[in-house]
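Remarks on the structure that follows.
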Amino acid sequence: MKRIGIILALVLGASGCGEPVEPPENPGDNSLAVITDAFDGVKRASTTYQLLVYSFCDSDGDGIGDFNGITSKLDYLDAMGVTALWLSPVQATGSYHGYDVDDYYALNPLFGTENDFKKMVDAAHAKGIKIYLDYVLNHSGSGNAWFKEAIANENSPYRDYYFISSNPGADYSKFPMLAGTTYNSGEWKSISTSSPVITISSTTEAVTNGNSSWNIWYWDSGSEGKTVKFVENGGNPYLVMDISGDCGMLVRKYPNWDSGSKYGAMPGNTTLVPGKPMTLVAEGADISFSGSGRYRIELSNVSGGGTVYYMGAFSTSMPDLNYGNPADFAASASFKDIAASADKWIKMGVDGLRLDAVKHICGGLSSWNNASNKAFLSAWYNHCNATYKAAGHNEDMYMVGEVFNEYDDSKCPYSTYLEALPSVFDFSFWWRLAETLNGTRTGRDFVNGMLSRQTVYAGERNVNSLKLSNHDEDRTGEVLGQSAAKEKQAGAILLTSPGKPYIYQGEELGYFGNKGGGDEYVRTPVNWDGGQWADARLGGKVIADLKGSAFSVKTQENDSASVLNVYKAFSRARNTYPALAEGSMSACTSIADASVAAWYMTDKAGQKMLVVHNVTAAVKTIPMTDDMSKPVVILGKAEKNGSKLVLDPYSSIVFKLY
């Protein structure tokens with residue numbers, strides 16, 4: 001029996017609606033050739049591409065991705081058939097990853113200006129691509145002006161934006177938002193409330209070489225920074241040093257960056273002027289100074305104040321936000337403030353939000369209150385949706401929450417959160433798929449799991465947001481043993497499953513990596529042309545094996561059997577056939593082999609597709625009762641042998657039935 005396979009028999013053109021590769025002439029009696037309908041130009045697949053702004057595409061050569069870089073690659077994303085982009089946090093931040101927001105109303109200047117951002121949004125919309133922002137509601141950054149003022153002034157209105165206490169064990173129950181959760185001392189961080197005062201003046205004294213624990217971290221344009229220690233002076237430490245030109249500095253109580261040790265300027269008053277005392281605040285902004293000559297720098301009030309604690313469940317740099325009473329979250333000043341920031345971006349054209357760590361908003365890492373979380377998220381969604389509608393949209397706003405859990409975990413079920421939000425990520429989808437492709441579950445097990453979860457998302461507005469790996473998990477390629485065959489089929493399964501699929505940056509290129517060396521190793525920059533690798537100084541560490549041109553977009557675009565072209569092929573099919581994009585799933589009981597993953601997709605108009613994946617390392621010969629006359633997309637090798645379908649290992653096929 002002659003077996004002729006079709007490898008990636010369908011590819012996309014640059015417009016996202018390209019023509020199928022023509023099958024070979026006289027392919028043989030047993031081969032299956034793709035017969036596809038013409039694409040009508042409607043991108044109905046609801047496929048979102050998750051990208052890391054800082055490591056996606058650098059437009060200006062500074063080694064950091066930016067908004068203009070995204071704009072320059074919209075054709076690439078359009079050719080993959082994507083309909084939305086989820087951008088990693090874009091707001092002003094003190095970190096490379098952006099999940100500690102310093103200003104919810106401002107963009108990270110390293111990514112570009114508001115004008116650059118608006119141009120990107122408009123250009124994406126012109127290609128039928130929506131923009132979703134990653135929004136962090138559980139905590140702000142410790143560099144946020146709200147937090148700095150809250151710590152520096154116990155009478156500040158921002159004090160209520162956070163959980164701040166001199167005795168959190170005793171005061172925990174006093175915070176209404178934490179009701180129903182358990183106090184965990186490890187989730188509370190200490191910080192000094194003393195407010196040292198710094199004064200600088202010209203001098204002719206000798207340069208000092210002090211030994212106090214108080215020190216200045218000093219840098220200028222010609223240095224990477226140095227530590228200069230103060231001289232103990234009866235509670236008023238001082239130092240003498242030479243300064244030339246523009247410089248920056250931070251004061252530290254100890255020679256490290258521990259919480260409560262670093263002091264800086266209050267926002268809006270960061271310039272140190274000779275003879276003018278400046279009050280410092282814990283975790284304050286960089287202090288700037290410009291001068292030439294020898295200067296005496298003195299500290300006073302170094303023993304005043306005390307210590308307070310704040311809830312920072314994730315990190316010292318991520319103080320948890322307090323939204324007040326669950327009975328009326330929307331009435332709190334903190335809710336109104338952060339909601340107003342979201343309004344700004346929605347009015348600029350943002351189409352949706354991905355909400356970070358939603359199960360921890362009311363509580364910490366170890367204990368949370370699902371009912372209060374639901375109340376908060378309902379208030380949040382209703383506010384943002386009203387703004388979205390007022391901006392001229394007829395449909396409801398899309399919003400997806402990160403509930404890092406199994407879908408049916410009794411401690412945190414997806415169903416509770418779907419009462420507040422249109423969608424939550426289906427983490428169980430990827431975890432079960434990985435087990436299936438790695439041989440610890442059968443194809444039928446995987447299908448039955450999807451059918452079970454489909455009922456969870458049965459609400460009128462609910463959407464099942466599907467994903468493989470993401471920026472917080474070991475990469476898909478790593479979990480699947482760097483097997484290109486498994487990686488391709490994982491993409492094919494993602495794009496033939498019911499729901500809203502997400503493709504994580506680099507997944508379509510077969511990238512691998514694990515978090516053992518840090519999260520950066522699963523956030524590698526995209527290699528576009530096979531040349532010099534992007535620097536991505538904001539954290540994009542690169543695995544050596546990924547530097548080769550085989551992992552570049554340029555190489556994979558020209559290889560019909562590449563991982564990239566699998567994603568393009570199955571994305572085109574999903575965009576072409578409404579049943580694949582919008583249909584509901586049902587079991588294919590006529591295929592008896594439990595090792596095969598097979599199901600039907602049917603839309604409201606009656607279009608029906610049969611999806612078959614051989615998720616094993618063996619050739620499968622499958623007796624079929626369904627019509628095999630119109631295969632619309634194929635991965636790997638497939639043939640018809642009478643009434644039987646023969647699929648090679650990790651091969652997939654989709655048939656249009658009617």
### Query
Quick check: is even one residue across the range 462-484 of a type outside the set (Phe, Trp, Tyr), part of a helix (DSSP H, G or I) and either over 18 Å from Gln50 (Cβ atoms) or at pLDDT below 95 (or both)?
yes
### Verdict on Phe163 being of a type outside the set (Lys, Arg) and under 21 Å from the mean Cα position of the chain (by Cα)
no
### Query
Residues in the range 295-312: is at least one out of contact with any Cys (no Cβ under 9 Å at 6 or more places or on another chain) and closer than 30 Å to Met120 by Cβ?
no
### Query
Which members of the range 314-359 meet the condition of being over 22 Å from Val424 (Cα atoms) and assigned to a loop (DSSP other than H, G, I, E, B)?
Thr316, Ser317, Pro319, Asn322, Gly324, Asn325, Ser332, Met348, Gly349
### Unmet criterion (only one of (1) part of a loop (DSSP other than H, G, I, E, B); (2) surrounded by 22 or more Cβ atoms within 10 Å (Cβ to Cβ)) for Tyr263
(1)
### Message
Scan the range 418-425 and tell me whether some residue there is over 27 Å from Asp593 (Cβ atoms), surrounded by fewer than 20 Cβ atoms within 10 Å (Cβ to Cβ) and out of contact with any strand residue (DSSP E or B) (no Cβ under 9 Å at 6 or more places or on another chain).
### Response
yes
### Query
Name the pairs: first residue in the range 514-525 and farther than 11 Å from His471 by Cβ and part of a loop (DSSP other than H, G, I, E, B), second residue hydrophobic (A, V, I, L, M, F, W, C) and at pLDDT 90 or above, Cβ to Cβ under 7 Å, at least 6 apart or on different chains?
Asn514/Val522
### Summary
Over the range 108-132, the set of residues outside any loop (DSSP other than H, G, I, E, B), buried (at least 21 other Cβ atoms within 10 Å of the Cβ) and touching a helix residue (DSSP H, G or I) at 6+ places or on another chain (Cβ under 7 Å) is Phe111, Phe117, Met120, Ala124, Ile131
### Query
Within the bounds of the range 111-128, is there any residue that is at pLDDT below 95 and farther than 29 Å from Arg574 by Cβ?
no
### Query
Just for the range 266-302: of the residues that are of a type in the set (A, V, I, L, M) and part of a strand (DSSP E or B), which one is nearest to the chain's Cα centre (by Cα)?
Ala285
## Note on the structure
For the range 348-361, pairs from a residue that is under 21 Å from Ala106 (Cβ atoms) to a residue that is assigned to a helix (DSSP H, G or I) and of a type in the set (A, V, I, L, M), with Cβ under 6 Å and 6 or more apart or across chains, are Gly349/Val121
### Message
So, in the range 148-161, exactly how many residues are surrounded by 23 or more Cβ atoms within 10 Å (Cβ to Cβ) and more than 21 Å from Asn301 (Cβ to Cβ)?
### Response
1
## Note on the structure
Here the residues within the range 72-89 that are touching a helix residue (DSSP H, G or I) at 6+ places or on another chain (Cβ under 6 Å) and either under 30 Å from Asp337 (Cβ atoms) or among the small types (Gly, Ala, Ser) (or both) are Gly81, Leu87, Ser88
### Task
For the range 186-216, name all the residues that are surrounded by fewer than 18 Cβ atoms within 10 Å (Cβ to Cβ) and part of a helix (DSSP H, G or I).
Gly186
### Message
Take the conditions in a helix (DSSP H, G or I), within 27 Å of Val273 (Cβ to Cβ) and in contact with an Asp or Glu (Cβ under 9 Å, 6 or more places away or on another chain) and apply them to Ile151. Does it pass?
### Response
yes
### Query
What number of residues within the range 229-245 are surrounded by fewer than 14 Cβ atoms within 10 Å (Cβ to Cβ), within 20 Å of Val207 (Cβ to Cβ) and in contact with a Ser or Thr (Cβ under 8 Å, 6 or more places away or on another chain)?
2
### Query
Is it true that some residue in the range 173-185 is buried (at least 17 other Cβ atoms within 10 Å of the Cβ) and in a strand (DSSP E or B)?
no
### Message
Among the residues of the range 359-379, are any touching a strand residue (DSSP E or B) at 6+ places or on another chain (Cβ under 6 Å), farther than 14 Å from Met177 by Cα, at pLDDT 95 or above and not small (Gly, Ala, Ser)?
### Response
no
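The values are calculated or read from the model by the stated rules, or taken from the named source; none is laboratory data. Everything numeric in this text was worked out from a predicted model, so none of it was measured. Backbone-built Cβ (ideal geometry, glycine too); neighbour counts: all protein chains shown.
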